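*Asks:* There's a structure below that I have some questions on.
The values are calculated or read from the model by the stated rules, or taken from the named source; none is laboratory data. Quantities reported herein were computed from a predicted structural model and do not represent experimental measurements. Every residue, glycine as well, gets a Cβ built from its backbone with ideal geometry; the counts of neighbours run over all protein chains shown. Ligands, DNA and RNA are stripped out before the accessible areas are found, and what is left, the full protein with its side chains, is counted by its heavy atoms. Shrake-Rupley method; radii C 1.70, N 1.55, O 1.52, S 1.80 Å.
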Amino acid sequence: MQVLNVSGNASAIQQQINDQLADANTIHELKTLVKQDPVDIEKLRSIAREQGLASNKVRKKVWPKLLGVNPHASNAAKYRAQAVKGHNDSSTVTVDVERSAWLAGRVENEGSASQGI
């Protein structure tokens, strides 16, 4: 979870709170979806595209479902082969990674700006 930066103005602080609540809601929804049997893959794809996957812990649970692989299967070589081959969700992976990098940069820039750097 992201640490709240309280050195900004009230609207920036409110936006940070709203972002954290949205991430918490996304995480809850994703955790609920991956526990379903069968998993609603279209819903997972939609959330990944529109909201991102919110945390590395959630990504580790969601991506195997999206890719249709079982990372706990006894045949590790088969899993690795499935993990490296192309998949129709690869564009979603790219967007998720770019979004995460952009958010990390935004948070870093906000922290530098608030410190007068």
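*Asks:* Does at least one position in the range 65-77 carry a residue that is surrounded by 16 or more Cβ atoms within 10 Å (Cβ to Cβ) and modelled with pLDDT under 80?
*Replies:* Yes, the range 65-77 contains at least one residue that is surrounded by 16 or more Cβ atoms within 10 Å (Cβ to Cβ) and modelled with pLDDT under 80.
*Asks:* Could you check, for the range 19-42, whether at least one of its residues is basic (Lys, Arg), at pLDDT below 85 and part of a helix (DSSP H, G or I)?
*Replies:* No: the range 19-42 contains no residue that is basic (Lys, Arg), at pLDDT below 85 and part of a helix (DSSP H, G or I).
*Asks:* Residue by residue through the range 80-93, note down the ones that are among the polar types (S, T, N, Q), in a helix (DSSP H, G or I) and open to solvent by 70 Å² or more (accessible area, probe 1.4 Å).
*Replies:* Matches in the range 80-93: SER91 only.
*Asks:* For the range 49-62, name all the residues that are touching a Leu at 6+ places or on another chain (Cβ under 8 Å) and either over 16 Å from ALA24 (Cα atoms) or hydrophobic (A, V, I, L, M, F, W, C) (or both).
*Replies:* LEU53, ALA54, VAL58, VAL62
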